Amino acid sequence: MSVDRGVRLSLRTLVLGYLGVLLLVPVGLVLYRTFQHGLLPVWQSITTPAAVHAFWLTLEIALIAVPLNTIFGVIAALALVRGRFRGKVFVDAVIRLPFALSPVVIGLALLLVYGRGGWISLPFQVIFSVPGMVLATVFVSLPFVVLEVVPVLREVGDEQEQAAATLGATPWQAFWRITLPAIRWGIAYGVVLTTARAIGEFGAVSIVSGRIAGQTQTLTLLVEQRFQNFDLAGAYAASALLGVIAIATLLAMTLLKPRKDQG
Amino acid sequence: MISVDGVTKEFGEFRALDDVSLDVQDGSLTALLGPSGSGKSTLLRVIAGLELPDAGRIVIAGEDATALPAQRRGIGFVFQHYAAFKHMTVRENVAFGLRIRKRPKAEVAAKVDELLGIVGLGGYQSRYPSQLSGGQRQRMALARALAIEPRVLLLDEPFGALDANVRADLRAWLRRLHDEVHVTTVLVTHDQEEAMDVADRIVVLNEGRIEQEGTPRELYERPANGFVMSFLGPVARLGEALVRPHDLRVTAEPRDGALEAMVERIVHLGFEVRAELQLADGAPLAVQLTRDDAVALELAPGDIVWVGHTVAPAEPETVAA
């Protein structure tokens with residue numbers, strides 16, 4: 001079936017126009033505004049103690065949340081694909097819940113459970129401190145690894161693991177040498193998406209953090225604070241920093257695309 | 001020797017194996033033959049330890065292996081769809097079992113080279129499975145299974161996913177390999193021709209039970225029942241009996257024990273001629289003749305002929321239906 005040349009052209013224009021108006025122009029404008037007065041003010045703006053702290057805190061939270069969700073995600077995917085247990089559909093739905101739920105609701109829920117007078121009280125402070133922010137980030141970025149790994153596991157099947165078993169591999173050896181390499185691209189995609197989500201999270205973290213500058217302020221919270229304080233240039237600079245991290249993540253994802261000969 | 005002793009296996013409501021007992025002799029090449037759902041693959045997987053039986057025992061070389069996990073049974077298993085380790089090269093695939101056993105590097109390299117030579121993949125060491133044809137992948141899988149010097153080699157429909165001509169080649173190759181290596185081999189197949197061609201013993205399964213076991217010739221010439229007979233080759237029904245189409249003789253004149261029939265159609269298949277007849281009671285009957293016999297009889301549609309068994313010493317082919 002061949003599509004008329006004119007139809008094809010107008011379709012292309014429509015898609016590019018849509019992307020342009022909604023994505024490229026605003027993001028481009030942010031970058032333009034950021035570097036409007038040269039590099040120096042940007043540099044000064046992202047090297048203030050609050051900004052540096054926010055940057056490292058963002059990374060710290062991501063570095064805790066991403067490995068946690070990766071390990072959980074692989075185990076959950078294995079259970080969902082290979083396991084035979086009652087309530088599988090229910091577990092599957094619960095894992096997707098963070099996608100359906102607004103992050104603000106997640107933040108409020110955490111506040112109710114761990115906050116002062118909440119259901120669970122731990123010996124260390126959770127709410128208005130880093131542990132709560134990690135919890136919130138783990139919660140909102142939970143489904144990515146599971147959802148990326150499940151279809152890959154389904155496609156790979158379990159025959160290779162059975163073959164490994166007949167060749168003398170214990171289930172543990174079969175997992176490390178056969179299963180894990182077979183699903184590595186799925187995990188890699190999941191990790192990239194989880195990282196992007198963890199770094200960009202605002203709603204849930206905003207509620208549980210208490211937004212104490214220099215203590216519980218991540219990059220996204222810093223952007224918001226500067227914006228509220230009419231420090232537009234500062235907000236743009238912090239936004240640009242977030243944008244750079246996002247682009248790096250996307251680049252990593254593109255570079256990680258599996259090569260065909262080893263699929 | 002492998003002994004299967006009273007093994008039963010159920011999947012939910014479905015009874016895949018029903019009190020199956022079987023001895024496989026050392027050094028033999030045994031085929032488990034049956035239609036799909038007959039339990040032949042399940043039996044193989046129970047022997048391998050990939051399925052646990054609900055009842056019964058598996059004894060390998062005098063050792064009760066029933067509760068032994070697959071990785072400690074010392075078996076080599078070849079899957080229908082190869083189960084190649086896709087992220088490993090041919091060389092790494094074949095070396096896998098030896099690496100798990102932490103054999104010295106030099107020994108692994110020598111063994112892998114030897115096996116790749118045997119299976120004719122010498123030049124393919126650093127290819128990935130996706131760069132091989134189906135037949136090459138299956139030969140790689142065989143080398144991988146043989147590398148651990150298994151006590152038993154189990155093949156689950158190993159040629160089922162391959163083209164007909166590749167299948168015939170690999171079959172002949174497997175037979176030669178077995179004559180060289182002498183490892184006790186059990187092969188699952190639904191193809192009677194493959195079983196007769198390759199195996200020195202055939203076990204016919206149906207609905208989770210063993211119908212008969214014996215040499216290919218025994219099964220063909222003295223089938224225990226109508227199922228075995230019809231599964232091992234073409235059959236025709238003559239009155240109350242099942243008979244092989246090539247064991248029927250057609251004559252122009254009436255004779256003892258022969259039934260009257262009318263020729264419906266003559267099909268020339270080169271050396272053979274198939275005569276499609278209709279018996280007096282209306283039942284169809286296909287008879288296989290040599291070309292010379294057909295020419296001598298001058299058969300033509302509409303002719304009335306007499307058909308009965310060839311007068312052979314005893315008639316083991318005839319089995320009550």
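The values are calculated or read from the model by the stated rules, or taken from the named source; none is laboratory data. In this text the structure is predicted, and so the values were computed from the model without any measurement. Because the Cβ atoms are built from the backbone with ideal geometry, glycine has one as well, and the counts that use them run over all protein chains shown. Just the protein is used for accessible areas: all its heavy atoms, side chains included, with ligands, DNA and RNA removed. Shrake-Rupley method; radii C 1.70, N 1.55, O 1.52, S 1.80 Å.
Exactly one of these conditions fails for A:T170: (1) closer than 24 Å to A:F144 by Cα; (2) of a type in the set (S, T, Y); (3) open to solvent by 20 Å² or more (accessible area, probe 1.4 Å). Give me its number.
(1)
Can you tell me which residue among A:V140, A:V134, A:V130, A:V105 is closer than 17 Å to A:S206 by Cα and open to solvent by 60 Å² or more (accessible area, probe 1.4 Å)?
A:V105
Taking A:A213 and the conditions (1) outside any helix (DSSP H, G or I); (2) within 15 Å of A:I61 (Cβ to Cβ); (3) modelled with pLDDT under 90; (4) not charged (D, E, K, R), which numbered condition does it fall short on, given that it satisfies the others?
Condition (2) is where A:A213 drops out.
Looking only at the stretch A:191-213, decide whether some residue is without any contact (Cβ under 8 Å) to a residue 40 or more places away in the chain and open to solvent by 10 Å² or more (accessible area, probe 1.4 Å).
Yes, because at least one residue in the stretch A:191-213 is without any contact (Cβ under 8 Å) to a residue 40 or more places away in the chain and open to solvent by 10 Å² or more (accessible area, probe 1.4 Å).
Among the listed residues A:L167, A:L256, A:L232, identify the single one that is over 20 Å from A:A136 (Cα atoms), over 23 Å from the mean Cα position of the chain (by Cα) and in contact (Cβ under 8 Å) with a residue 60 or more places away in the chain.
A:L232 is the lone residue from the list that is over 20 Å from A:A136 (Cα atoms), over 23 Å from the mean Cα position of the chain (by Cα) and in contact (Cβ under 8 Å) with a residue 60 or more places away in the chain.
Return the residue satisfying two criteria in turn: it lies in the stretch B:59-89 and is without any contact (Cβ under 8 Å) to a residue 24 or more places away in the chain and away from chain A (no Cβ under 12 Å), and of such residues it is least open to solvent (accessible area, probe 1.4 Å).
Going through the qualifying residues, I end up with B:A65.
On the basis of being over 30 Å from A:A237 (Cα atoms), in a helix (DSSP H, G or I) and open to solvent by less than 60 Å² (accessible area, probe 1.4 Å), does A:A79 make the cut?
So A:A79 fits the description; yes.
Scanning for something within 28 Å of B:S130 (Cβ to Cβ), open to solvent by 10 Å² or more (accessible area, probe 1.4 Å), within 14 Å of chain A (Cβ to nearest Cβ) and out of contact with any Pro (no Cβ under 9 Å at 6 or more places or on another chain), does the stretch B:1-12 turn up at least one residue?
No, the stretch B:1-12 contains no residue that is within 28 Å of B:S130 (Cβ to Cβ), open to solvent by 10 Å² or more (accessible area, probe 1.4 Å), within 14 Å of chain A (Cβ to nearest Cβ) and out of contact with any Pro (no Cβ under 9 Å at 6 or more places or on another chain).
Check off (1) touching a Lys or Arg at 6+ places or on another chain (Cβ under 7 Å); (2) surrounded by fewer than 18 Cβ atoms within 10 Å (Cβ to Cβ) for A:A235 and give me the number that stays unchecked.
Of everything listed in (1) touching a Lys or Arg at 6+ places or on another chain (Cβ under 7 Å); (2) surrounded by fewer than 18 Cβ atoms within 10 Å (Cβ to Cβ), A:A235 misses just condition (2).
Does the stretch B:225-240 contain at least one residue that is open to solvent by 50 Å² or more (accessible area, probe 1.4 Å), of a type in the set (A, V, I, L, M, F, W, C) and in contact (Cβ under 8 Å) with a residue 40 or more places away in the chain?
no
Output the strands (runs of 3 or more DSSP E) that fall wholly within the stretch B:216-264 and possess 1 or more residues being within 25 Å of the chain's Cα centre (by Cα), or say none.
B:236-238, B:241-243
Taking the stated definitions as given, is A:I120 of a type in the set (V, I, T) and either crowded, with 20+ Cβ neighbours inside 10 Å or modelled with pLDDT of 90 or more (or both)?
Spelling it out, it is not the case that A:I120 is of a type in the set (V, I, T) and either crowded, with 20+ Cβ neighbours inside 10 Å or modelled with pLDDT of 90 or more (or both).
Search the stretch B:90-136 for residues being in contact with a Ser or Thr (Cβ under 8 Å, 6 or more places away or on another chain) and within 14 Å of another protein chain (Cβ to nearest Cβ), and hand back the single one that is least open to solvent (accessible area, probe 1.4 Å).
B:V90
Conditions (1) closer than 24 Å to A:A246 by Cβ; (2) not in a helix (DSSP H, G or I), marked per residue:
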{"site": "A:V104", "(1), (2)": "yes, no"}
{"site": "A:L111", "(1), (2)": "no, no"}
{"site": "A:F124", "(1), (2)": "no, yes"}
{"site": "A:A165", "(1), (2)": "no, no"}
{"site": "A:W176", "(1), (2)": "no, no"}
{"site": "A:A188", "(1), (2)": "yes, no"}
{"site": "A:I199", "(1), (2)": "yes, no"}
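Residue-wise test of (1) farther than 28 Å from A:W172 by Cα; (2) at pLDDT below 95; (3) not hydroxyl-bearing (S, T, Y).
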{"position": "B:K9", "(1), (2), (3)": "no, no, yes"}
{"position": "B:R15", "(1), (2), (3)": "yes, yes, yes"}
{"position": "B:A31", "(1), (2), (3)": "yes, no, yes"}
{"position": "B:R45", "(1), (2), (3)": "no, no, yes"}
{"position": "B:A67", "(1), (2), (3)": "no, yes, yes"}
{"position": "B:Q71", "(1), (2), (3)": "no, yes, yes"}
{"position": "B:G74", "(1), (2), (3)": "no, yes, yes"}
{"position": "B:Q80", "(1), (2), (3)": "no, yes, yes"}
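Does B:L33 count as within 13 Å of chain A (Cβ to nearest Cβ) and under 15 Å from B:T189 (Cβ atoms)?
In short, no.
Only one of (1) surrounded by fewer than 21 Cβ atoms within 10 Å (Cβ to Cβ); (2) closer than 30 Å to B:P158 by Cα; (3) β-branched (V, I, T) is not met by A:I187, so which one is it?
Exception for A:I187: condition (2).
Mind listing whichever residues of the stretch A:48-73 are over 30 Å from A:L180 (Cα atoms) and open to solvent by 60 Å² or more (accessible area, probe 1.4 Å)?
Within the stretch A:48-73, A:P49, A:H53, A:W56 meet the criteria.
Which of the following residues is open to solvent by 40 Å² or more (accessible area, probe 1.4 Å) and within 30 Å of A:V146 (Cβ to Cβ): A:R33, A:R12, A:R86, A:R5?
A:R86
May I ask you to list the residues in the stretch B:156-212 that are at pLDDT 90 or above, part of a loop (DSSP other than H, G, I, E, B) and open to solvent by 40 Å² or more (accessible area, probe 1.4 Å)?
B:H190, B:D200, B:E207
Quick check, is B:L43 in contact (Cβ under 8 Å) with a residue 24 or more places away in the chain, away from every other protein chain (no Cβ under 11 Å) and buried (at least 23 other Cβ atoms within 10 Å of the Cβ)?
Yes; evaluated as a whole, the condition is true for this residue.
Of everything in the stretch A:113-122 that's in a loop (DSSP other than H, G, I, E, B) and out of contact with any helix residue (DSSP H, G or I) (no Cβ under 8 Å at 6 or more places or on another chain), which residue is nearest to A:V140 (Cα to Cα)?
Result: A:G115.
For B:G56, are the conditions met, namely being more than 7 Å from chain A (Cβ to nearest Cβ) and touching a residue at least 60 places away in the same chain (Cβ under 8 Å)?
It is false that B:G56 is more than 7 Å from chain A (Cβ to nearest Cβ) and touching a residue at least 60 places away in the same chain (Cβ under 8 Å).
Got a number for residues in the stretch B:214-223 being out of contact with any helix residue (DSSP H, G or I) (no Cβ under 8 Å at 6 or more places or on another chain) and touching a residue at least 40 places away in the same chain (Cβ under 8 Å)?
So the answer is 2.
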